[in-house]
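Peer 1: Next up is a structure, given as structure tokens.
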Amino acid sequence: MVKRRTSIHGQWSSRLAFILAATGSAVGLGNIWKFPYITGENGGGAFVLVYLLCIALIGLPVMMAEIMLGRRGRQSPINTMRLLAEEEGKNSFWKYLGWLGMLAGFLILSYYSVIAGWALAYVFRTAAGAFTGATADGVDSIFAQLVADPERLLAWHTIFLVMTMMVVARGVRSGLERAVRFLMPALLGLLLLLVGYAMAQGQFAEGLRFMFKPDFSKLLSGDAVLVAMGHAFFTLSLGMGAIMMYGSYLPAKTSIAKVSIAVAVADTLVALMAGLAIFPIVFAYGLDPAEGAGLIFKTLPIAFGQMPAGTLFGALFFVLLVFAAWSSAISLIEPAVAWLVENHGVSRVYASVWCGLAVWLIGLGTVFSFNAWSGFKVFGMTIFDMLDYLTSNIMLPLGGLFIAIFSAWIMKKASVREELDMRSSGAFDYWYILVRFVTPIGVVLVFLRAINVI
Ligand code: PHE
């Protein structure tokens with residue numbers, strides 16, 4: 001029995017607090033902004049099906065593994081991986097898994113913050129009534145104007161990052177824990193309202209068919225499968241250490257399996273609801289589901305512009321989108337900040353300022369990729385596209401693959417079993433098979449398929 005460690009950064013006050021914080025990390029732009037537009041780009045139903053399979057067979061087991069490693073190590077991912085590897089008598093190069101994750105966190109946050117900036121801008125546009133009675137074309141041009149203007153994008157990016165780093169600097173528990181208790185239920189309520197609107201006013205049946213009727217001819221491009229798997233990691237915040245970090249603040253007795261299921265189910269429901277709010281409007285207004293990254297910014301405002309009190313609900317919706325992004329952004333940078341505090345003895349404030357500056361600088365690439373540098377493309381991708389592709393489709397699955405390998409091949413089974421502490425040993429065995437075989441083989445097959453080897 002290993003001595004129970006405690007984290008120098010603190011601990012969640014309860015199991016519920018962890019669930020809310022981890023759900024806050026998981027539910028973000030990935031669910032409401034990204035899931036609908038990549039579903040649209042990849043033809044709908046079949047893509048959704050593969051995504052759901054990836055959540056169940058790869059995402060959920062990896063989430064449990066990450067929380068398990070985090071709680072056992074009780075440090076930032078880099079130090080946790082080093083410590084656990086040493087403790088198991090294995091090579092300490094496993095710490096590089098923590099480094100890979102930290103890098104992914106910087107890169108993701110750099111563009112995440114720019115997109116969250118769009119949402120911030122939309123709070124004010126909606127509240128000012130910019131969309132009242134607007135046509136699809138009008139809404140489209142408002143979006144085009146925003147992204148064409150680097151100064152505005154930069155200003156919103158800066159504001160969002162400052163908001164993020166302020167919370168991280170103050171420690172996760174006092175600010176965040178309190179905020180998510182209110183925000184998550186509010187977000188759910190508003191999404192329900194929007195789905196209700198889409199049911200009443202949009203082409204709901206067509207939206208449903210698009211999302212849930214698989215057309216396999218569209219799917220089987222290797223890239224679509226890679227995108228679905230990458231998104232399963234992205235949406236559950238897996239493969240880069242965010243959930244490992246949050247796991248390191250988890251009280252000792254909490255059931256890892258139960259909290260993981262709660263978080264994965266909540267995250268999936270929010271994504272599906274976002275799709276059900278958006279596609280009926282897309283079809284009702286003859287818009288293109290394969291529109292790309294601007295999809296929600298070009299569809300939902302039409303609905304807000306028509307519905308009674310749409311100014312209010314619209315503004316509220318974007319406020320909540322900002323909050324959802326905010327609670328995710330915090331978890332993207334928390335591992336780096338915690339690592340600086342652990343290894344360099346600096347204060348959280350100091351660590352947050354430097355991390356924030358680094359992210360801000362990298363974010364310039366995304367800001368300009370929508371305007372001044374939009375012509376700069378490698379493999380047909382802008383800087384924003386590349387950052388997104390590299391992180392979601394390569395770095396996170398790779399991180400998840402190694403997390404699975406470490407948990408099920410490198411660590412002693414007894415240590416893993418002890419930390420997971422599952423009541424039913426049948427459930428443990430089932431999980432163990434998933435992380436030992438299904439996850440690694442699944443990830444490798446999807447990679448091979450994407451590069452056309454199979
Ligand atoms: N899960 C978040 C979302 O769906 C994004 C995220 C990825 C957060 C990785 C933390 C780590 O928006």
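The values are calculated or read from the model by the stated rules, or taken from the named source; none is laboratory data. Everything quoted here is computed from the prediction, not taken from an experiment. Positions of Cβ are generated from backbone atoms using ideal geometry, with glycine treated the same way; all protein chains shown enter the neighbour counts. Areas reflect the complete protein model, heavy atoms only, side chains present, ligands, DNA and RNA absent. Shrake-Rupley method; radii C 1.70, N 1.55, O 1.52, S 1.80 Å.
Peer 1: Give the separation of the Cα centroids, region 1-38 to region 361-403, in Å.
Peer 2: Answer, in whole Å: 24.
Peer 1: While we're on this one: Express the carbon and sulfur contribution to the solvent-accessible surface of region 284-377 as a percent, rounded to the nearest whole number, probe 1.4 angstrom.
Peer 2: Looking at region 284-377 in its full context, I get 70 percent from C and S.
Peer 1: Next question. Can you work out ³J(HN,Hα) from phi for every residue in region 381-394, in order, using Karplus 6.51 cos²θ - 1.76 cosθ + 1.60 and θ = phi - 60°, giving whole Hz and x for Gly and Pro?
Peer 2: Per-residue couplings from phi come out as 10, 6, 4, 4, 4, 5, 4, 5, 5, 4, 6, 5, 8, 10 Hz.
Peer 1: For region 233-292, which semi-axes, largest first and in whole Å, follow from the square roots of 5 times the eigenvalues of its Cα gyration tensor?
Peer 2: So the three semi-axes of region 233-292 are 35, 13, 6 Å.
Peer 1: Where the only charges are on Cβ atoms (+1 Lys, Arg; -1 Asp, Glu), what is the dipole of the chain about its Cα centre, to the nearest 20 debye?
Peer 2: Roughly 1500 debye for the chain.
Peer 1: Which angle between 0 and 90 degrees, to the nearest 10, do you get for helix 15-26 versus the longest principal axis of the chain when only C-alpha atoms count?
Peer 2: Relative to the chain, helix 15-26 is tipped by roughly 50 degrees.
Peer 1: For all pairs of alpha-carbon atoms in region 386-429, what percent lies in each bin of width 5 Å, listed from the first bin to the last filled one?
Peer 2: With a bin width of 5 Å, the distribution comes to 5, 19, 19, 17, 13, 11, 9, 5, 1.
Peer 1: Between rounded, prolate and oblate, where does region 218-318 land on the alpha carbon gyration tensor, with a ≥ b ≥ c its root eigenvalues, rounded for a/c under 1.5, else prolate if a/b exceeds b/c?
Peer 2: It is oblate, given that a/c is not under 1.5 and a/b is not larger than b/c.
Peer 1: Using per-residue counts of other Cβ atoms within 10 Å, averaged over each peptide, order 43-55, 68-80 from highest down.
Peer 2: By packing density, highest mean first, the sequence is 68-80, 43-55.
Peer 1: Given the C-alpha atoms of region 270-424, compute the convex hull and give its volume per residue in Å³.
Peer 2: So the per-residue Cα hull volume is 227 Å³.
Peer 1: Additional query: With unit charges on the beta carbon (Lys/Arg positive, Asp/Glu negative), name the residue among H344, F402, S331 whose Cα is farthest towards the positive pole of the charge dipole of region 327-415.
Peer 2: Positive-most Cα among the choices belongs to F402.
Peer 1: So, one more: Sticking with the crude label model, points 7 Å out along Cα→Cβ, report the distance from D223 to L357 in nm, one decimal please.
Peer 2: Taking the two extended label points, one gets 3.9 nm.
Peer 1: To continue, here is another question. Would you mind giving the average projected area, over all directions, of the Cα convex hull of region 336-454 in nm² with one decimal?
Peer 2: 11.4
Peer 1: How long are the semi-axes of the equivalent ellipsoid of region 17-159, defined as square roots of 5 times the Cα gyration tensor eigenvalues? Whole Å, largest first.
Peer 2: 38, 20, 13
Peer 1: Additional query: Mind checking which of L321, Y111, Y432 is farthest towards the positive end of the chain's charge dipole, using Cβ charges of +1 (Lys, Arg) and -1 (Asp, Glu) about the Cα centre?
Peer 2: Y432
Peer 1: Starting from the Cα-Cα distance between V265 and S347, subtract it from 0.36 nm times their residue separation and give me the gain in nm to one decimal.
Peer 2: Between V265 and S347, full extension yields an extra 25.9 nm.
Peer 1: Using +1 on the beta carbon of Lys and Arg, -1 on that of Asp and Glu, and nothing else charged, what's the dipole of region 315-454 about the Cα centre, debye to 20?
Peer 2: 260
Peer 1: Taking a probe of 1.4 Å, how large is the accessible area per residue of region 103-152, in Å²?
Peer 2: Per residue, region 103-152 has an accessible area of 36 Å².
Peer 1: Separate question: So how exposed is E41, as accessible area in Å² (1.4 Å probe, rounded to 10)?
Peer 2: E41 has an accessible surface of roughly 90 Å² with all protein chains in place.
Peer 1: Taking a label point 7 Å from the Cα of Q11 along the Cα→Cβ vector, which residues of region 52-73 have an amide N closer than 16 Å to it?
Peer 2: Residues 68, 70-73 qualify, since their backbone N sits under 16 Å from the label point.
Peer 1: Among rounded, prolate and oblate, which fits region 119-262 when a ≥ b ≥ c are the square roots of the eigenvalues of its C-alpha gyration tensor, a/c under 1.5 means rounded, and a/b larger than b/c means prolate?
Peer 2: oblate
Peer 1: Here's something else I'd like to know. Quick one: 3J(HN,Hα) in Hz for region 362-376, Karplus 6.51/-1.76/1.60 with θ = phi - 60°, rounded, Gly and Pro as x.
Peer 2: With coefficients 6.51, -1.76 and 1.60, one gets 4, x, 4, x, 5, 3, 7, 5, 8, 9, 3, 9, 5, x, 7 Hz.
Peer 1: Normalised by the residues of the chain, what does the relative contact order come to in percent, with Cα pairs under 8 Å and at least six apart?
Peer 2: 36
Peer 1: While we're looking at this one, here's another question. Among the listed pairs K95/K258; K34/K298; K253/K413; K95/K253, which are separated by more than 21 Å between their Cα atoms?
Peer 2: K95/K258; K95/K253
Peer 1: What does the accessible area per residue of region 296-454 come to in Å², with a 1.4 Å probe and no ligands, DNA or RNA counted?
Peer 2: 42
Peer 1: Can you give me the angle between helix 95-127 and the longest principal axis of the chain, using Cα atoms only, in degrees from 0 to 90, rounded to the nearest 10?
Peer 2: Taking Cα atoms only, the helix is inclined about 30 degrees.
Peer 1: Spin-label point model (7 Å from Cα, Cβ direction): what's the L208 to E87 distance in nm?
Peer 2: 5.0
Peer 1: Could you give the C-alpha radius of gyration of the chain expressed as a fraction of 2.2 N^0.38 Å, taking N as the number of residues it contains?
Peer 2: 0.94
Peer 1: Angle check, please: helix 45-54 long axis (alpha carbons) against the longest principal axis of the chain (alpha carbons), in degrees 0 to 90, nearest 10.
Peer 2: The two axes meet at around 20 degrees.
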